[in-house]
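Okay, handing you the structure first.
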Amino acid sequence: MIKLKEVQTKKDLKAFVKFPFTLYKDSKYWVPPIISQEMKTFNKKENPVLNDAEVKLFLAYKNGKLVGRIAAIINWLEVKEQKQKKMRFGWFDFIDDLEVSQTLLNEVENIGKSHNLEYAEGPIGFSNLDKVGVMTEGFDSIASMVTWYNHAYYIKHYESAGYKVEKSYSESKFPFKNVQPEFFKKAQEIIKRRYQLTPLKLTKTEEVMPYADKMFDLFNESYASLSSFVAINDIQKEYFKKKFISFINPEYIKFIVDKDDNMIGFAIVMPGFAKALQKMNGKLFPLGFRHIMHAKKHSKDAIFYLIGIHPDYQNKGVHAVIFNEYYETFKEKGIEMCYRTPELEDNEAIKKIWKHFSPEVYKRRKTFRKNIA
């Protein structure tokens, strides 16, 4: 008998956030979230995404023991403006017991039906900047702070519940020594002259902030054509600036502007925080912040988080300018390995950008869908 409990109190929320710490306590590859930050994710006063998204969190108990969790999500911007009658779900973790996973999914599906939604898809978050996908390959590689890790048995639970693959993602890596500057060095000089482009040199976080809104606007423009894209609004921009910018070395943020100071390209790279987060085990204090700062300064891993080019400049070689900027920065920092976060496998444009670096796909993940109408 599985008993479901909706999260109502701070104690319940802490149990929801901390459940994976038990489920993955013996894993070398799972990366813990920062507990305090994760709890803020589900707080409407802290996370403005929840102004346009409705979330219900559920805990599953068996014989009085916590054995699973799930977040049932409706993004009303997606439903009302894009006419996508989708029931989202994420933060879906469970022991290897089909009754547990099915009970949690049934609750999600029932909520979707009560709102006349047509299908459920997950695991996904509230928006396009949240984590996405259940891992289907790469279980022996450490996760990053921007992806979910899961046990291999998760896949059979989706399939047993009648879910089919909806989207496929891959994650790639390549050693920095693979980067051959001759592929972009000369080209980027020509591109800069032809289109009168300037890469900004950023050394302080306060230098980033005046351009941050332009970056999010460009993100909305450059990603608008991807499936299920939901634009970031002005309130959410402020939240993401506060949440992410302070974590990122300013020199790892690259902005390309035209002669009128309009942003036409950007990229965000994060240091590898995974090992620091494992040492922290979810706690910023007393020593966690020190681990984060050490990784920020000394990590030899670079995680490519976002890259965007204005639609008018796509396929014109602007990425060569961005790569040249990163080449100089990474050489100075002694970066050894570069990682790319999940990218849709049908995104041929992004594959072309990286082809000269001989990337190796080391993880794959998928979202699953089930019709509920």
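The values are calculated or read from the model by the stated rules, or taken from the named source; none is laboratory data. On a predicted model such as this, the values are computed, not experimentally measured, just so you know. Quick reminder, even Gly has a Cβ in these numbers, built from the backbone with ideal geometry, and neighbours come from all protein chains shown. Just the protein is used for accessible areas: all its heavy atoms, side chains included, with ligands, DNA and RNA removed. Shrake-Rupley method; radii C 1.70, N 1.55, O 1.52, S 1.80 Å.
Cα gyration tensor of the range 1-63, axes a ≥ b ≥ c as square roots of the eigenvalues: rounded (a/c below 1.5), prolate (a/b > b/c) or oblate?
Numbers: a/c = 2.38, a/b = 1.22, b/c = 1.95.
Oblate.
Under a 1.4 Å probe, what is the accessible area of the chain per residue, stated in Å²? Could you put the intermediate results ahead of the total?
Values: 17590 Å² over 373 residues.
Value returned for the chain: 47 Å² of accessible area per residue.
A further question on this structure: Using θ = phi - 60° and the Karplus form 6.51 cos²θ - 1.76 cosθ + 1.60, what ³J(HN,Hα) does each residue of the range 34-44 get, whole Hz, x for Gly and Pro?
The phi angles translate into 7, 4, 5, 5, 5, 5, 5, 4, 9, 9, 4 Hz.
Taking only DSSP H segments of four or more residues, each worth -39500 (n - 2.57), what value at 222 nm results for the chain once the sum is divided by all its residues, to the nearest 500 deg cm²/dmol? Provide the component values of the computation, followed by the final result.
Numbers: 12 runs with 132 residues, N = 373.
Taking each H run of at least 4 residues, the total per residue is -10500 deg cm²/dmol.
Can you check what the net charge comes to around VAL165, using other residues whose Cβ is under 12 Å from the Cβ of VAL165 (Lys, Arg +1; Asp, Glu -1)? Write down the numbers at each step before the final one.
Details: positive: LYS164, LYS167, ARG364, ARG365, LYS366, ARG369, LYS370; negative: GLU121, GLU159, GLU166, GLU345.
Result for the neighbourhood of VAL165: +3.
Take the cross-link list LYS201/LYS297; LYS65/LYS279; LYS204/LYS243; LYS83/LYS113; LYS283/LYS331 and give me the ones stretching past 22 Å between alpha-carbons.
Working: LYS201/LYS297 18 Å; LYS65/LYS279 27 Å; LYS204/LYS243 17 Å; LYS83/LYS113 16 Å; LYS283/LYS331 32 Å.
In this structure, LYS65/LYS279; LYS283/LYS331 lie more than 22 Å apart at Cα.
Right, another one. Counting every Cα pair in the range 190-319, what percent are over 22 Å apart? If you can, show how the numbers build up before the last one.
Numbers: 3659 of 8385 pairs.
Tail of the P(r) past 22 Å holds 44 percent of the pairs.
Right, next: Along the charge dipole of the range 259-373, which of ILE309, THR329, THR341 sits closest to the positive end, that is, farthest toward it, with unit charges on the beta carbon of Lys, Arg, Asp and Glu (+1, +1, -1, -1)?
THR341
Taking the Cα centre of the range 2-109 as the origin, how large is its charge dipole in debye, to the nearest 20, when only Lys and Arg (+1) and Asp and Glu (-1) carry charge on their Cβ atoms?
On the way: 20 positive and 15 negative charges, 69 e Å.
The calculated dipole for the range 2-109 is roughly 340 debye.
Let me ask another. Placing +1 at every Lys and Arg Cβ and -1 at every Asp and Glu Cβ, with all other atoms neutral, what dipole size does the chain have around its Cα centre, in debye to the nearest 20? Please list the in-between numbers first.
Values: 61 positive and 47 negative charges, 188 e Å.
For the chain, the charge dipole is close to 900 debye.
Continuing with this model, one more query. Of SER141, GLY162, PHE126, which is farthest towards the positive pole of the range 108-207's charge dipole, taken about the Cα centre with +1 and -1 on the beta-carbons of Lys, Arg and Asp, Glu respectively?
SER141
Within a Cβ distance under 10 Å of TRP76, other residues only, what is the Lys/Arg minus Asp/Glu net charge?
Cβ neighbours under 10 Å give a net charge of -3.
Right, another one. What is the sum of charges around ILE232, taking Lys and Arg as +1, Asp and Glu as -1, for the other residues whose C-beta is under 14 Å from the C-beta of ILE232? Write out the running numbers ahead of the final one.
Working: positive: LYS214, LYS237, LYS241, LYS242, LYS243; negative: ASP52, GLU78, GLU81, ASP130, ASP213, ASP217, GLU221, ASP234, GLU238.
With Lys, Arg at +1 and Asp, Glu at -1, the neighbours total -4.
Next question, about the same structure. Rounded, prolate or oblate for the range 285-353? Axes are the square roots of the Cα gyration tensor eigenvalues, ordered a ≥ b ≥ c, and the cut-off for rounded is a/c under 1.5. The partial results should precede the final answer.
On the way: a/c = 2.74, a/b = 1.89, b/c = 1.45.
Prolate, since a/c reaches 1.5 and a/b exceeds b/c.
Ignoring ligands, DNA and RNA, what percent of the 1.4 Å accessible area of the range 215-369 is carbon and sulfur? Present the calculation step by step, with values, prior to reporting the outcome.
On the way: 3620 of 7110 Å².
For the range 215-369, the apolar C and S fraction of the accessible surface comes to 51 percent.
Where does each of 263-272, 233-242, 348-357 land if you order them by average Cβ count within 10 Å, highest first?
Values: 263-272: 22.9, 233-242: 15.3, 348-357: 13.8.
Order by mean packing, descending: 263-272, 233-242, 348-357.
Which value in nm describes the separation of the simple spin-label points at PHE244 and HIS115, placed 7 Å from the Cα toward the beta carbon?
2.3
Running a GNM on the chain with Cα contacts under 10 Å, which residue among GLU182, GLU221, GLU166 ends up with the highest mean-square fluctuation?
Sorting by GNM fluctuation, first place goes to GLU182.
Taking all protein chains as present, what is the carbon and sulfur share of the accessible area of the range 1-69, in % to the nearest whole number, probe 1.4 Å? The partial results should precede the final answer.
Details: 1820 of 3780 Å².
For the range 1-69, the apolar C and S fraction of the accessible surface comes to 48 percent.
To continue, here is another question. Take the alpha-carbon centre of the range 284-318, take the same for the range 218-274, and report the distance between them in whole Å.
After rounding, the separation between the Cα centres reads 11 Å.
Classify the chain as rounded, prolate or oblate from the Cα gyration tensor: take a ≥ b ≥ c as the square roots of its eigenvalues, call it rounded if a/c is under 1.5, otherwise prolate when a/b beats b/c and oblate if not.
Values: a/c = 1.81, a/b = 1.58, b/c = 1.15.
Judged from the Cα gyration tensor, the chain comes out prolate (a/c at least 1.5, a/b above b/c).
In addition: Could you give each residue of the range 60-77 its phi-based ³J(HN,Hα) in whole Hz, using Karplus coefficients 6.51, -1.76, 1.60 with θ = phi - 60°, and x for Gly or Pro?
For the range 60-77, the Karplus curve yields 10, 10, 10, 6, x, 10, 5, 10, x, 8, 7, 10, 9, 10, 10, 8, 5, 5 Hz.
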